[in-house]
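Single-structure report; data block below.
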Ligand SMILES: NC(=O)c1ccc[n+]([C@@H]2O[C@H](COP(=O)([O-])OP(=O)(O)OC[C@H]3O[C@@H](n4cnc5c(N)ncnc54)[C@H](OP(=O)(O)O)[C@@H]3O)[C@@H](O)[C@H]2O)c1
Ligand SMILES: *[C@@H]1O[C@H](CO)[C@@H](O)[C@H](O)[C@H]1NC(C)=O
């Protein structure tokens, strides 16, 4: 019985993957659309901005570092963005989150895509030492500010029948040691946005929510934080951004990247959690962590 179920879900997974990968994305859907990308001064957010830029979107970028944002905005223009602005904001402050949405209203006159991507944290990777201030800060930056941005942008997104793209992680679906506040914030995002998606659907509100479940991606910060602590190959951030944007524009409920490194774990999680844990434990280089 179990074997049949495994085979059946593998088949369904494969067909869904095949179906999704066949759908093509035309830049015309995105040209002239208004896009806010948070955490776009570097990493995956920067690459997501470039993807939208190539398709001719109007971009509003935000993060804390002014100079980096300026450079990314300039490159967006070179790549074909209809316009590219930036606003400096610290998402540890929820009033700043409201101000960023005000900026979108004033400068873009509305919003079609809200891409929630920024992530803050100590950059530490190790055993949890019970630092409550760190939990509060991480939950504020990685979760509460996402909710604030979403609430403030809701009217504009409903008006445009727009889309929210939420960057989550395998650590939002499967327990992960050595970065507990981060893991908690990603689980919180999954709960909030998948429930919001249901509510919007039941209210017949045409607003799509795409959750991106990402594996290990080769951004400078990820390589620096876990590069010598886990045995895993990082996937390219450029391809990651392409897959995320594609899924968001096609209004898919979720995108898993890299698909084949993550999907089997997600399937195993419910059926054979102990086996999964034993398997995942092998990825950590404990002598470099503890
Ligand atoms: N890389 C991976 O392996 C991986 C795996 C799974 C999921 N993800 C997810 O992918 C997303 C992007 O990750 P990444 O690797 O690209 O990270 P990153 O390179 O460290 O970029 C993080 C972005 O967030 C901004 N940021 C940090 N703290 C902020 C704050 N307090 N207020 C406003 N902005 C802030 C940073 O800009 P400033 O410093 O200029 O503020 C930067 O633009 C995150 O949601 C992450 O959880 C990444
Ligand atoms: C929902 O919005 C999208 C994008 O604006 C549009 O293409 C689609 O036709 C809409 N669907 C419905 C049922 O109105």
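Yes/no matrix, rows are residues, columns are (1) under 30 Å from residue 102 (Cα atoms); (2) touching a helix residue (DSSP H, G or I) at 6+ places or on another chain (Cβ under 6 Å); (3) touching a residue at least 24 places away in the same chain (Cβ under 8 Å):
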{"site": "139", "(1), (2), (3)": "yes, yes, yes"}
{"site": "148", "(1), (2), (3)": "yes, yes, yes"}
{"site": "155", "(1), (2), (3)": "yes, no, no"}
{"site": "174", "(1), (2), (3)": "no, yes, yes"}
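What do you reckon, is residue 239 more than 16 Å from ligand 2 (Cβ to nearest atom), part of a helix (DSSP H, G or I) and more than 30 Å from residue 289 (Cα to Cα)?
Values: more than 16 Å from ligand 2 (Cβ to nearest atom): yes; part of a helix (DSSP H, G or I): yes; more than 30 Å from residue 289 (Cα to Cα): no.
No: the conditions fail for residue 239.
Please go through the stretch 114-133 and give me each residue that is buried (at least 17 other Cβ atoms within 10 Å of the Cβ) and within 13 Å of ligand 1 (Cβ to nearest atom), ordered by number.
Once the filter is applied, which keeps residues that are buried (at least 17 other Cβ atoms within 10 Å of the Cβ) and within 13 Å of ligand 1 (Cβ to nearest atom), the stretch 114-133 yields 115, 116, 117, 118, 119, 120, 121, 125.
Test residue 69 against the criterion of being within 16 Å of ligand 1 (Cβ to nearest atom), within 20 Å of the chain's Cα centre (by Cα), outside any strand (DSSP E or B) and surrounded by 15 or more Cβ atoms within 10 Å (Cβ to Cβ), and give yes or no.
Judged against the criteria, residue 69 is a match.
Looking at (1) within 18 Å of the chain's Cα centre (by Cα); (2) assigned to a loop (DSSP other than H, G, I, E, B); (3) farther than 20 Å from residue 122 by Cα, can you tell me which one residue 195 breaks?
If we test residue 195 against (1) within 18 Å of the chain's Cα centre (by Cα); (2) assigned to a loop (DSSP other than H, G, I, E, B); (3) farther than 20 Å from residue 122 by Cα, just (2) comes out false.
Give me the residue from the stretch 125-137 that is out of contact with any helix residue (DSSP H, G or I) (no Cβ under 9 Å at 6 or more places or on another chain) and without any contact (Cβ under 8 Å) to a residue 24 or more places away in the chain and, out of that set, nearest to residue 37 (Cα to Cα).
Across the stretch 125-137, the extreme among qualifying residues is 133.
Take the stretch 184-225 and flag every residue that is more than 10 Å from ligand 1 (Cβ to nearest atom) and touching a strand residue (DSSP E or B) at 6+ places or on another chain (Cβ under 8 Å).
Within the stretch 184-225, 190, 193, 194, 196, 197, 200, 207, 208, 209, 210, 211 qualify.
For the stretch 157-172, give me the residue count where each residue is more than 10 Å from ligand 1 (Cβ to nearest atom) and either free of Cβ contacts under 8 Å to residues at least 24 places away in the same chain or crowded, with 19+ Cβ neighbours inside 10 Å (or both). So that I can check it myself, show each step before the final result.
Filtering the stretch 157-172 for residues more than 10 Å from ligand 1 (Cβ to nearest atom) gives 157-165.
If we keep only those that are either free of Cβ contacts under 8 Å to residues at least 24 places away in the same chain or crowded, with 19+ Cβ neighbours inside 10 Å (or both) as well, we get 157, 162-165.
The total comes to 5.
No value in this document is a laboratory result; all are computed from the given coordinates. Since this is a predicted model, take the numbers as computed values, not measurements. Reconstructed Cβ throughout: ideal geometry from the backbone, glycine too, with neighbour counts over all protein chains shown.
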